[in-house]
């Protein structure tokens, strides 16, 4: 419980910029407003879009407000905040789906995302989280194009006491994965987390490489990978949404890990990703520490940006 409370405190302080963009501006906009007029709706729309919640969400909320005014169910501008909370809760409750990893069965997580999103660091923290929960974990260095990525993964492996399977730099990533899957044939029944390359400037080659890895996994173990997690940097806002669309279309992402929520004014992107792409948020990261990656909880998130 103490860990959870500490994390909520970190989440709330990390989301200060988002809360300032949204909640404080919203309170000052709505406080003392007598007229629910078009000027108010315009400002409200601008504010929601500035917090990166996206135009779809903003229009839907404003339509809701107008409808309630028409039916005389809304007499006070301050009630708009409650409507916002309800709408966010409806959208985000569907995103709260943790990974269902059974102990005693192999489970493969393929982690994708562009370089700089915090992918390798996220893998290290995820390995720590899973090991704390009693799972065996092996890490696989399939980003063979950057020596730094292999080294970074090995450092994390030592730190969280998870073995790392690697080959030399520029080795075929699919061959590294194939080698790692041999562990399952030898009776390994834990989690295998695969780090992959994220060179966005060669999009076609990158996606083909990821598809090849996915095929190799599926051929070796039908039904795997059980999870393809996309790591997104929350500070990139709308770019994160564009990346999510691309990875979802190309290789079928099954969940999102959102990093660097601390220090961004664009935390509303969580709502937008879930609303527009219908993808669950598996974990969120709010700091550099080992404990700073936690399963996404919608009520905590809403409370952290609105209260």
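Tell me whether region 49-59 contains one or more residues that are farther than 30 Å from residue 240 by Cβ and either in contact with a strand residue (DSSP E or B) (Cβ under 6 Å, 6 or more places away or on another chain) or modelled with pLDDT under 90 (or both). No, there is no match, as no residue in region 49-59 is farther than 30 Å from residue 240 by Cβ and either in contact with a strand residue (DSSP E or B) (Cβ under 6 Å, 6 or more places away or on another chain) or modelled with pLDDT under 90 (or both). Helices (runs of 4 or more DSSP H) fully within region 38-154 that include at least 3 residues being outside the structural domain of residue 186 (by TED's automatic domain parsing): 38-50, 55-70, 79-93. Give the residue that is nearest to the chain's Cα centre (by Cα), with candidates limited to residues of region 11-37 that are in a helix (DSSP H, G or I) and closer than 13 Å to residue 77 by Cβ. So, considering only residues that are in a helix (DSSP H, G or I) and closer than 13 Å to residue 77 by Cβ, the one nearest to the chain's Cα centre (by Cα) is 26.
Could you list, in sequence order, all residues of region 61-80 that are under 32 Å from the mean Cα position of the chain (by Cα) and surrounded by 18 or more Cβ atoms within 10 Å (Cβ to Cβ)?
Across region 61-80, the qualifying residues are 61, 62, 65, 80.
The residues listed here are 234, 240, 224; of these, the one that is touching a strand residue (DSSP E or B) at 6+ places or on another chain (Cβ under 6 Å) and surrounded by fewer than 22 Cβ atoms within 10 Å (Cβ to Cβ) is 224. For region 243-264, filtered to residues that are out of contact with any strand residue (DSSP E or B) (no Cβ under 8 Å at 6 or more places or on another chain) and more than 19 Å from residue 7 (Cα to Cα), the residue that is surrounded by the fewest Cβ atoms within 10 Å (Cβ to Cβ) is 249.
Here's the yes/no breakdown for (1) surrounded by fewer than 14 Cβ atoms within 10 Å (Cβ to Cβ); (2) assigned by TED's automatic domain parsing to the domain that holds residue 138; (3) not in a helix (DSSP H, G or I):
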position: 159; (1), (2), (3): yes, yes, no
position: 167; (1), (2), (3): no, yes, yes
position: 178; (1), (2), (3): no, yes, no
position: 188; (1), (2), (3): no, yes, yes
position: 210; (1), (2), (3): no, yes, no
position: 213; (1), (2), (3): no, yes, no
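Selection over region 243-267 of residues that are touching a residue at least 12 places away in the same chain (Cβ under 8 Å) and assigned to a helix (DSSP H, G or I) gives a count of 8. Per the listing 277, 290, the residue uniquely more than 10 Å from the chain's Cα centre (by Cα), more than 17 Å from residue 16 (Cβ to Cβ) and at pLDDT below 90 is 290. Entry remark, region 268-286: residues being out of contact with any strand residue (DSSP E or B) (no Cβ under 9 Å at 6 or more places or on another chain) and in a loop (DSSP other than H, G, I, E, B) number 2 in total.
The values are calculated or read from the model by the stated rules, or taken from the named source; none is laboratory data. All values reported here derive from a predicted model rather than from experimental measurement. All Cβ positions, even for glycine, are placed from backbone atoms using ideal geometry, and neighbour counts span all protein chains on display.
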